[in-house]
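A.B. asks: My questions will all concern the structure given below.
The values are calculated or read from the model by the stated rules, or taken from the named source; none is laboratory data. Just so you know, these numbers come straight off a predicted model, no measurement behind them. Here the Cβ positions follow ideal geometry from the backbone for every residue, glycine too, while neighbour counts run over all protein chains shown.
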Amino acid sequence: MEATAVHPKRAALGKGIESLLGPRQPAAAAAVEASGKPLEIAIDRIERNPNQTRTAFDEQKLAELAASIAATGVVQPVTLRPLADGRYQLIMGERRWRASQMAGKTTIPSIVRQVSDEQAMEMTIVENLQRADLNPMEQARAFERLSREFKLTQEQMAARTGKDRATVGNFIRLLKLPEGIQAAVEEGALSFGHARALLALGSDQQMYAASNKVIAASMSVRQTEKFVQALINPEPLPQKAEAAPKPAQDPNVREAQGRLQQRLGLKVHIEDKKGKGKVIIEYSGVEDFDAILAALGE
């Protein structure tokens, strides 16, 4: 990892979603039938999808794809929906569309689908989430959009994207990170595992301070987890002679407490007296509570 400090006042990444419920498509567009067979559509008649989840494209990989398309053509058609005046909007396949333009192609094989604004948005988001190369913050925002725009539960999102519920919850919780740390995750200075560990800290100030040390020291995820746990549960200071010493926490209990905190990304405290006691899990919102239920298999 590159040793780059994370600053609290870093500008937010991404933009809000504008209203998706526009007017009905004109009759000219509705007249286009979805045959299910690829059609050669002029590239200059295709518009980018404004609901595209991906915000960054690897230029080198895009150039490699363009070279492949120039040599052998587009193997998998893109998916479009008809707009007014004989134009189309991308639903799936933006990389192929961009690479085809780079390769000098004038048409691209396409499947035309008659879908609403909402259906197109959901298809675009789900298709991107099923890919492996979205960065963690892009995935977090995509899941949040599915939840907010379509009122999907975490179980429903997990089923549609092939991920488990706990993973969906953990991605959504990344949006609780301060904006500067979100930027570091998006740029690759911090990984999903690093970010998840930092969430266990109680305040933005603590997370900024810890993230800067993690980046500067090029800590692994495991090292970061230990570092965060040491911040949450520092070694007790030596007691004054006149004060009664506080009973030390059993090493097995301390280890179990640390594992729970790493698993949930939340602050956990275990009070144990001779094998009896209680587990206290602190949470600050519905997403945290859902993450607890998911970990319990509820």
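A.B. asks: Restricting to region 175-224, name every residue that is within 20 Å of the chain's Cα centre (by Cα) and of a type in the set (D, E, K, R).
C.D. replies: Lys176, Glu179, Glu186, Glu187, Arg196, Asp204
A.B. asks: I've got another one for you. Would you point out which residue out of Arg222, Arg173 is closer than 24 Å to Ala256 by Cα, crowded, with 19+ Cβ neighbours inside 10 Å and not hydrophobic (A, V, I, L, M, F, W, C)?
C.D. replies: Numbers: Arg222 fails: crowded, with 19+ Cβ neighbours inside 10 Å.
None of the others qualify; the one that does is Arg173.
A.B. asks: Give the number of residues within region 57-86 that are closer than 21 Å to Glu122 by Cα and modelled with pLDDT of 85 or more.
C.D. replies: 8
A.B. asks: Something else now. Being at pLDDT 80 or above and loosely packed, with under 12 Cβ neighbours inside 10 Å is the filter; apply it to region 278-292 and report the residue that is nearest to Asp164 (Cα to Cα).
C.D. replies: Step by step, filter region 278-292, then rank; the result is Ile280.
A.B. asks: In addition: Which is surrounded by fewer than 17 Cβ atoms within 10 Å (Cβ to Cβ) and either modelled with pLDDT of 75 or more or out of contact with any strand residue (DSSP E or B) (no Cβ under 6 Å at 6 or more places or on another chain) (or both), of Gln239, Gln229, Gln257? Don't jump to the end; show me each part of the working.
C.D. replies: Working: Gln229 fails: surrounded by fewer than 17 Cβ atoms within 10 Å (Cβ to Cβ); Gln257 fails: surrounded by fewer than 17 Cβ atoms within 10 Å (Cβ to Cβ).
One residue alone meets the criteria, Gln239.
A.B. asks: Mind listing whichever residues of region 119-136 are surrounded by 16 or more Cβ atoms within 10 Å (Cβ to Cβ), more than 15 Å from Glu47 (Cβ to Cβ) and touching a Ser or Thr at 6+ places or on another chain (Cβ under 8 Å)?
C.D. replies: Listed by number, the residues that qualify are Met123, Ile125, Val126, Asn128, Leu129, Leu134, Pro136.
A.B. asks: To continue, here is another question. Can you run down the residue pairs with Cβ atoms below 8 Å, 6 or more apart or on separate chains, where the first is in region 95-118 and within 17 Å of Arg45 (Cβ to Cβ) and assigned by TED's automatic domain parsing to the domain that holds Lys37 and the partner is polar (S, T, N, Q) and surrounded by fewer than 17 Cβ atoms within 10 Å (Cβ to Cβ)?
C.D. replies: From residues that are within 17 Å of Arg45 (Cβ to Cβ) and assigned by TED's automatic domain parsing to the domain that holds Lys37, the pairs are Arg96/Gln76; Val112/Ser35.
A.B. asks: Which residue pairs have Cβ atoms closer than 7 Å, lie 6 or more positions apart in sequence or on different chains, and pair a first residue in region 266-285 that is within 27 Å of Ser203 (Cβ to Cβ) with a second residue that is part of a loop (DSSP other than H, G, I, E, B) and of a type in the set (Phe, Trp, Tyr)?
C.D. replies: From region 266-285, the pairs are Leu266/Tyr283.
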